[in-house]
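All remarks here apply to the structure that follows.
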Amino acid sequence: MVDLSRLVANTIANDRSGFSCAVIISNNSRIVHQILEELPNGIRSVALTSSSNVFNKLKESDIESKLLEDSLSSQGLSVLVNLHDLVLQGLGEGNFNSSDRILAILGEPLSGLIIIEAKSLTSNRLAILSNEHEIDIEVLAKVMELARNIGGRGREGHAVGALFAIGSVPKLRRYTTALVLNPFKGHSEARRNVIESNNHETLSEFAWLDGAILFNNKGVASDAGRYVQVPAGINPKPGEGGRHLAARAISQLAESIAICVSSSGTITIYSKGKEKYRVRLS
């Protein structure tokens with residue numbers, strides 16, 4: 001059996017770069033306490049557990065913790081994928097910084113340590129998607145920034161949703177119909193480009209219209225208020241709302257990227273009909 005606390009102590013002692021954060025994954029509160037004793041002062045830490053009893057014990061001890069929805073014991077090797085997604089979610093919620101170097105300590109279902117560079121984790125995930133769709137990574141990053149602003153701020157104090165699709169505009173238009181007169185008509189490309197942060201306020205206003213905003217691969221918005229025509233062969237999944245279904249459908253039909261902002265504060269990226277990334281805003 002792996003002595004996690006000793007392994008943590010040795011890793012920290014022999015590591016030259018240092019760690020800014022530690023993530024402890026365990027359903028054993030005793031193990032969490034033992035590991036915390038080995039962490040130097042100044043390292044931010046959070047414990048992840050799927051046990052409500054352990055979660056409550058940790059909260060009583062003023063230990064920052066998060067209750068996971070999926071049971072740790074049932075995850076097996078998939079906990080490694082889920083760990084990366086949790087860090088990505090933490091980045092989206094502002095719990096981690098892109099410059100963080102994170103020591104992940106797994107107590108179960110596997111035992112061991114993983115070192116995560118938050119910056120490379122984020123850029124790699126977005127880079128893979130952007131390369132697959134021949135989209136500049138800056139475009140994808142800026143649309144995500146726009147999505148976070150909308151999801152985190154809402155409109156006039158009310159939670160709102162939005163839908164963005166990035167890809168070939170002719171293909172995107174083929175599977176959508178206009179719900180309103182195109183508000184971008186007559187505006188220069190410079191005023192419609194998502195890369196320019198100064199344009200985000202205007203883009204946010206049009207994003208609150210029913211339907212989707214369409215972007216080309218260069219990040220220039222072509223249309224707003226486009227209704228996605230979901231064919232009979234694409235059926236909703238359990239618990240999936242209309243906006244998420246539309247995002248999944250347009251990403252599949254137009255072989256594009258779709259970004260869905262739900263009114264509940266979740267941002268989801270779809271690529272070619274599959275969910276690739278999900279983050280919940282705090």
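Numbers for the structure displayed
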item	result
Filtered residues of the range 213-240 (kept if basic (Lys, Arg) and touching a residue at least 12 places away in the same chain (Cβ under 8 Å))	LYS218, ARG226
Leading residue by the ranking (surrounded by the most Cβ atoms within 10 Å (Cβ to Cβ)) among those in the range 1-32 that are over 19 Å from VAL87 (Cα atoms) and among the polar types (S, T, N, Q)	SER29
Selected residue [out of contact with any Ser or Thr (no Cβ under 7 Å at 6 or more places or on another chain), among the small types (Gly, Ala, Ser), within 19 Å of GLU138 (Cβ to Cβ) and surrounded by fewer than 18 Cβ atoms within 10 Å (Cβ to Cβ)] from SER222, SER197, SER188	SER197
Scan of the range 147-171 for residues that are at pLDDT below 90 and in contact with a His (Cβ under 8 Å, 6 or more places away or on another chain), ordered by number	ASN149
Exclusive hit being of a type in the set (Ser, Thr, Tyr) and either farther than 30 Å from TYR277 by Cβ or touching a residue at least 40 places away in the same chain (Cβ under 8 Å) (or both), set SER50, SER20	SER20
Odd one out for SER5 among (1) modelled with pLDDT of 90 or more; (2) touching an Asp or Glu at 6+ places or on another chain (Cβ under 8 Å)	(1)
Considering residues of the range 244-270 that are surrounded by fewer than 20 Cβ atoms within 10 Å (Cβ to Cβ) and touching a residue at least 60 places away in the same chain (Cβ under 8 Å) only, the residue nearest to ARG226 (Cα to Cα)	GLU255
Some residue of the range 200-212 being closer than 17 Å to GLU138 by Cα and either surrounded by 22 or more Cβ atoms within 10 Å (Cβ to Cβ) or without any contact (Cβ under 8 Å) to a residue 60 or more places away in the chain (or both)	yes
One residue from ARG174, ARG125 being under 16 Å from SER222 (Cα atoms) and either modelled with pLDDT under 85 or of a type in the set (D, E, K, R) (or both)	ARG174
In the range 246-266, residue farthest from GLU134 (Cα to Cα) [restricted to those that are at pLDDT 95 or above and of a type in the set (S, T, N, Q)]	GLN252
Pick from the range 33-61, criterion among the small types (Gly, Ala, Ser) and over 12 Å from ILE105 (Cα atoms), ranking: surrounded by the most Cβ atoms within 10 Å (Cβ to Cβ)	SER50
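Quick grid of which residues meet (1) of a type outside the set (Gly, Ala, Ser); (2) modelled with pLDDT under 90; (3) part of a helix (DSSP H, G or I):
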{"residue": "GLU37", "(1), (2), (3)": "yes, no, yes"}
{"residue": "LEU58", "(1), (2), (3)": "yes, no, yes"}
{"residue": "LYS66", "(1), (2), (3)": "yes, yes, no"}
{"residue": "ASN82", "(1), (2), (3)": "yes, yes, yes"}
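Here is a yes/no grid of residues against (1) over 23 Å from the mean Cα position of the chain (by Cα); (2) under 26 Å from GLN252 (Cβ atoms); (3) modelled with pLDDT of 95 or more; (4) outside the structural domain of ARG243 (by TED's automatic domain parsing):
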residue: ASN193; (1), (2), (3), (4): no, no, yes, no
residue: ASN198; (1), (2), (3), (4): yes, no, no, no
residue: GLU205; (1), (2), (3), (4): no, no, no, no
residue: TRP208; (1), (2), (3), (4): no, yes, no, no
residue: GLY211; (1), (2), (3), (4): no, yes, no, no
residue: PHE215; (1), (2), (3), (4): no, yes, yes, no
residue: ALA221; (1), (2), (3), (4): no, yes, yes, no
residue: TYR227; (1), (2), (3), (4): yes, yes, yes, no
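The values are calculated or read from the model by the stated rules, or taken from the named source; none is laboratory data. The model shown is predicted, which means the values in this text are computed figures rather than measured ones. Every residue, glycine as well, gets a Cβ built from its backbone with ideal geometry; the counts of neighbours run over all protein chains shown.
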